[in-house]
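The values are calculated or read from the model by the stated rules, or taken from the named source; none is laboratory data. These numbers come from a predicted model, not from an experiment. Reconstructed Cβ throughout: ideal geometry from the backbone, glycine too, with neighbour counts over all protein chains shown.
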Amino acid sequence: MNIGLVRNILNILFMIGAAASIVLFFTTSDSHPFLYMYVCMAAIVIKMVEYVLRFTQKNNQNKRRTL
């Protein structure tokens, strides 16, 4: 599987989640006051997964270059 494609999809999901959390922050009712926080936390977890993929991909490329 192409890691670059997975990273792009995760970045798109992160941007959608970040935008949704901003919208929810200003529009949520009093019955769900922390809904935006849950969406924002999910977006941050997605971004951390993308970062780990990027970090491991760079380490693998650096190991190949040193041979």
**Study point:** Leading residue by the ranking (modelled with the lowest pLDDT) among those in the range 45-67 that are surrounded by fewer than 14 Cβ atoms within 10 Å (Cβ to Cβ) and closer than 15 Å to MET15 by Cα
**Key:** TYR51
**Study point:** Test result for ALA19, out of contact with any Cys (no Cβ under 6 Å at 6 or more places or on another chain), farther than 25 Å from MET1 by Cβ and at pLDDT 90 or above
**Key:** yes
